[in-house]
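Working notes, structure below.
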Amino acid sequence: MSDENRKKVEEPDFEKLAKTTQTSAFNKVVTIILVAICVVLAAFIIYRMMTSAEEAQLSMPVAENAVTAVNVSATPAAIGEFSRISRLNGEVMRSGDSIAVYPDASSGTVTEILVSRGDSINAGDIVAYIDPSRPGASYKESPVVSRASGIVNDIAVAVGQTVTAQQPIITVAGNSDLVVEASIPEKFLGTIKEGMSAEMEAVAYPGRIYTGTLTYIAPTVNSATRSSDIEIKLTGDTSGLKEGMYIRLNLETEHIDDALIIPDSALDTYLGENIVYIADNGTARRQTVTVGSTNGTETVILSGLEEGDLVITAGNVMDGTAINVVNQEN
C-alpha cells in the first residue's frame, strides 16, 4: 500500500464527526422539550379535572343543616304485674305419713297376700293370712287386718316368708291429697312464700298442664345441695297422676303487683352503668337507671324512669342521635 493511501485510511474525518455530534445534541434537546411539554399538558389536564369536580360539587344543592334520622322502635315504661318463673323437677306424693300394718300373731309364715301395690283399701280389710303353727301343733290361719284406709304403697313380705309381730306386712298411704315434692335453690328462698301458684307437666302426659299452690317451705337448707324442700298441693284436675310420677315444675318464685317494667331489649350499659335511651322529641337521650329483678324478658326499674317514658328497644343510637320512631309498641 502506498504512503498516500495509508494516510487516507489513518486520518479521521473530522468534518463528519462534527456533524454527528451536532445531530446527537440536537436530538437530546428535542427530547427534553417534548418531555417538558408532556408534563405541562398532564398537569394542566389534572388541574382542569380537579377544578371541574369542585365546581360540580359546589353547584349541587345542599339542604341547610341537613341531618339523617335513625329509624328506631320504642315502647313506654309501664306499671304492671311482674312475675318470675323458676323451672324445677319434682315427684308426685301423698301428703301425710304412711301407716304400717302388722300381724296380730306373734310370729308365723305368710300363706297368702290379698292386695297389690297401688290398691285402695279401707280400714278393716284383710290384706294377708299368716299360719302361726309350730312343729307338732296346728293352728288356724290368722288374718292380717288393716287399721287404716288408703293406698297400698309397699308390700314388705312374700308368701312363704316367716315373720314376727314386729315386722310390717304392708304400708298404707292415707287417703290424702296429692302433692308435688321438690327442692328449690337457696337463692330463691327470699322471693317465695306460701300461696304462690305453680304449673306442672307430667312426663307421662306431655302438653297436659296441672296446677298447684305452694303450701310448705322447709325451715332448713341442705348444706350439700344448698336447697330447701318445698311441697305444692295439686289443685284442679289431677286425673292420670300417680304417686311417684316425675314432674316438671314451673314455680312463680317472685311476684310484684305494681312494678315499673321495661323490655330487656331496652337495657344497655355505659361506663359500667345500666342505661336506656329515651325517645325525646326526635332525639335519643341517654338515661342512667337502677334495675331490679328480671325474668329474661322484662326488667323492673327501681329508679331513673317515669311511667310513660318512651324507651328505645331497637335502633343503633347514641346520646343526641336524631331519631324517627317507626314502630311504637304498647
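A few points about this structure:
- Net charge of Cβ neighbours under 15 Å - reference K140; Lys, Arg +1; Asp, Glu -1: -3
- R0 of 22 Å, Cβ-Cβ distance T109-R147: FRET efficiency to nearest 0.05: 0.50
- Alpha carbon centroid spacing (whole Å) that separates region 289-330 from region 124-203: 57
- Label-point separation in nm, T164 to S223, each point 7 Å along Cα→Cβ: 3.6
- FRET efficiency, 1/(1 + (r/R0)^6) with R0 51 Å, evaluated for E243 and E306 via beta carbons: 0.45
- For region 98-174, the mean projected area of the C-alpha convex hull, equal to one quarter of the hull surface, is 4.4 nm².
We did not get these values from a lab; they are worked out from the coordinates using the rules stated. Note that this is a predicted model, so its numbers are computed, not measured. Because the Cβ atoms are built from the backbone with ideal geometry, glycine has one as well, and the counts that use them run over all protein chains shown.
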